[in-house]
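What follows draws every value from the coordinates through simple rules; no lab data is involved. Keep in mind that what you see is a predicted model, and the values were worked out from it rather than measured. No Cβ is skipped: glycine too gets one built from the backbone with ideal geometry, and neighbour counts run over all protein chains shown.
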Amino acid sequence: MEHRLTLLRAEVDKLLFECSRSEIRHFFHHLYGVSKFCALLAIKRGVDAELAAAAGLLHDIYQITHKSAENHAEFGAPVAEKMLRAVGGYTDEEIAIITTAIARHSNKNVVHEPLDEVLKDADVLDHNLNSNDIFNTNRQTERYVKTLIELGCKAGINI
Ligand SMILES: [Fe+2]
Ligand SMILES: [Fe+2]
């Protein structure tokens with residue numbers, strides 16, 4: 001039996017491969033990028049890295065399934081829940097943790113639970129380190145610099 005995260009990735013990949021070429025490029029990069037940053041920050045902060053990786057992988061899923069960014073965090077939570085239940089192996093509590101983080105991830109000016117914050121910071125890291133988004137006006141610079149400093153990247157203070 002394959003690991004549940006591997007099964008979840010396969011489900012996400014199926015959806016991604018139905019997208020246009022530019023969407024495929026963007027979302028593979030971003031979802032897997034955020035998922036990996038989630039794992040890194042979760043390990044650093046003593047949060048469940050596997051659940052964080054799953055949250056990162058699914059956080060923008062609504063944008064893929066519904067082709068809309070509007071309220072995608074909130075609307076994405078039930079989409080993610082459906083996928084987690086279809087994959088199986090996740091308890092109700094784990095599903096609640098993952099989907100809560102997804103629902104809250106656009107609310108970056110508020111501090112929520114540790115796993116929620118891991119997802120928000122991972123999202124900001126990926127946006128800032130992706131050259132396509134480097135001139136994005138919504139870079140969440142304060143959160144980005146704070147995370148860089150936490151990771152020991154002192155040069156980041158001067159961005
Ligand atoms: Fe998002
Ligand atoms: Fe995102």
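Would you be so kind as to identify which of Ala52, Ser20, Thr6 lies farthest towards the positive end of the dipole of the chain, taking Lys and Arg as +1 and Asp and Glu as -1 on Cβ and the Cα centre as origin?
Ser20
Roughly how many nanometres apart are two label points built 7 Å out from the Cα toward the Cβ at Glu113 and Ile43?
Taking the two extended label points, one gets 2.4 nm.
Tell me the Kirkwood hydrodynamic radius of region 4-158 in angstroms, computed as one over the mean inverse distance between distinct C-alpha pairs.
Hydrodynamic radius (Kirkwood, Cα only) of region 4-158 equals 15.5 Å.
So for region 21-74, averaging the separation of alpha carbon pairs under 8 Å that are six or more residues apart and normalising by length, what relative contact order in percent results?
Once divided by the residue count of region 21-74, the mean separation gives 29 percent.
Within 10 Å of each residue's Cβ, count the other Cβ atoms and sort Cys38, Cys19 from fewest upward.
On the way: Cys38 31, Cys19 16.
Ranking Cys38, Cys19 by Cβ neighbours within 10 Å, fewest first, gives Cys19, Cys38.
Suppose a student asked you for the relative contact order of the chain, using Cα pairs under 8 Å spaced at least 6 residues apart; what percent would you report?
Worked out over the chain, it gives 21 percent.
What GluC sites (Glu not before Pro) in region 8-78 are in a loop by DSSP, with at most 15 other Cβ atoms within 10 Å of the Cβ?
Working: sites: Glu11, Glu18, Glu23, Glu50, Glu70, Glu74; in loops: Glu18, Glu70.
Qualifying residues, ordered by number: Glu18, Glu70.
Please list, in order along region 90-107, the HN-Hα scalar couplings obtained from phi with the Karplus expression 6.51 cos²θ - 1.76 cosθ + 1.60 (θ = phi - 60°), rounded to whole Hz, x for Gly and Pro.
Listing the rounded values in order: 9, 6, 4, 5, 5, 4, 5, 5, 5, 6, 5, 4, 5, 4, 9, 5, 7, 8 Hz.
Each residue of region 115-129 in order: what ³J(HN,Hα) in whole Hz does its phi give by Karplus 6.51 cos²θ - 1.76 cosθ + 1.60, θ = phi - 60°, with x for Gly and Pro?
Ordered by residue, 3J(HN,Hα) equals 6, 4, 5, 4, 5, 4, 5, 5, 4, 5, 4, 5, 4, 6, 9 Hz.
Under 28 Å between alpha carbons: how many lysine pairs meet that in the chain, if sequence neighbours fewer than 8 apart on the same chain are excluded?
Counting lysine pairs in the chain gives 26.
Hey, what do the phi angles of region 30-42 turn into as Karplus ³J(HN,Hα) couplings, whole Hz, using 6.51/-1.76/1.60 and θ = phi - 60°, x for Gly and Pro?
6, 5, 6, x, 5, 4, 6, 5, 4, 4, 4, 5, 5
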